[in-house]
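Taking it in order: structure first as structure tokens, then the write-up.
Bear in mind that the values in this text are calculations on the coordinates, not laboratory data. No experiment lies behind these values; they were computed from the predicted model shown. Cβ atoms come from the backbone with ideal geometry, glycine included; neighbour counts cover every protein chain shown.
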Amino acid sequence: MKKSAKIYIAGHRGMVGSAIVRKLQTKGYSDIITRTHEELDLLDQTAVNAFLQNEKPDYLFLAAARVGGIHANNVYRADFIYQNLMIEANLIHAAHEVGVNRLLFLGSSCIYPRDCAQPIKEEYLLTGPLEPTNEPYAIAKIAGIKLCEAYNRQHGRRYVSVMPTNLYGPNDNYDLNNSHVVPALVRKAHEAKQRGEPKLDVWGTGKPMREFLYVDDMADACVFLMESESVTEGLYNVGTGNDVTIRELAETIMAVVGFKGEINFDASKPDGTPRKLLEVSLLKGIGWQSQTPLVEGIRQTYSAYCAIGAGLAR
């Protein structure tokens, strides 16, 4: 990408989108286009078409999505499938219509079968049933991958899809009803410490294993792929190649936050997928790998959480 290229980031106020903006600015890209939801409703096909027709960006990072944790995915199933399908269909089709040749679509590792072999390779897509609690979201993301593949094959576009593992970092969502496990535990541990509580409540048994990637590493991978002239299409897993149990994650967060109590596991709550570790050799083979250790990423995440004011965390 030329430093003067016009680059549109859809979803720039989200955790991943804002990290991509930071990465591009750090690398000297000067023409970055963003729009808030109030300025552009990505569910409105006519508005999206008009916006891209007017701007005609050279590159498009599709980081906009309706996201949430186990609870939100399981309860708001219709919202998750409808909104994500509409956002990706509107943007990918309109991008093609106005001549955007390079687009990067952000998916999710939940696209893979619930019980597939570990670590998970890109080729395992569509080889088995999905995790029931987030199936609508996963189906929408699979559709986005297939949209990119279809426009590449029919129209010669260079649309790439990336499948991140569990992400965390600055600008995350700390709403306990809709957040993922890392921001939820950061907030819970902080508030438990402030109140002097003896225990930290954690959903599930603590036994499931998860892989966690710091969001600035994810942004670095996205920019790396868009800058690479050799990457013209395909699906790439983005992760660390290492996983930990939820118990180990909770203990790490407690240590960083400084909470000295015990963990209370609520086994009545769902664990979700037993294990989810991505095989990342494909991306590593073309020259990229993560740089931020989990404990350092948690430190930076907690620092960002405290900086915005714990009481103001959304």
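Using a simple spin-label model with pseudo-atoms 7 Å out from Cα toward Cβ, THR46 and ALA117 lie 5.2 nm apart.
When a footprinting reagent is the concern and you count Cβ atoms within 10 Å, what order do GLU122, GLU229, GLU88 take, fewest first? Intermediate values should be presented prior to the final figure.
Numbers: GLU122 20, GLU229 7, GLU88 25.
Neighbour counts put them in this order, fewest first: GLU229, GLU122, GLU88.
Relative contact order, whole percent, for the stretch 1-97 stands at 34, derived from Cα pairs under 8 Å and 6 or more residues apart.
The angle between the Cα long axis of helix 15-26 and the main principal axis of the chain comes to about 60°, on a 0 to 90 degree scale.
Treating only the Cα positions of the stretch 164-273 as identical point scatterers, give the base-10 log of I(q)/I(0) from the Debye formula at each q in 0.09, 0.15, 0.20 Å⁻¹. Log10 I(q)/I(0), no solvent term: -0.29, -0.70, -1.08.
Residues whose amide H lies under 5 Å from that of LYS269, counting only those 5 or more places away or on a different chain, are GLY204; hydrogens are built 1.01 Å from N in the peptide plane.
Extension gain, ASP31 to ILE308, is 97.0 nm, computed as 0.36 nm per intervening residue step minus the present C-alpha separation. Just how far, in whole angstrom, is the stretch 18-38 from the stretch 39-91 if you go by their alpha carbon centroids? Spelled out, the Cα-based centre of one part sits 18 Å from the other. In this structure, the amide hydrogen of LEU200, modeled 1.01 Å from its nitrogen in the peptide plane, lies closer than 5 angstrom to those of GLU262, ILE263, ASN264, counting only residues at least 5 positions away or on a different chain. Note the angle between two axes, namely the Cα long axis of helix 135-155 and the longest principal axis of the Cα atoms of the chain, as a number of degrees from 0 to 90, rounded to the nearest 10. So the inclination is approximately 20 degrees. Only helices enter the 222 nm calculation for the chain: every DSSP H run of n ≥ 4 contributes -39,500 (n - 2.57), and dividing by all residues gives -13000 deg cm²/dmol, rounded to 500. Taken along the Cα-to-beta-carbon direction at a fixed 7 Å, the label points for GLU149 and GLU39 span 3.5 nm. Between 0 and 90 degrees, the angle of helix 181-195 with respect to the longest Cα principal axis of the chain falls at about 40 degrees.
In the chain, the alpha-carbon atoms span a convex hull of 125 Å³ per residue. Computed from the Cα positions only, the extents of the stretch 25-172 along the three principal axes stand at 44, 33, 33 Å, in decreasing order.
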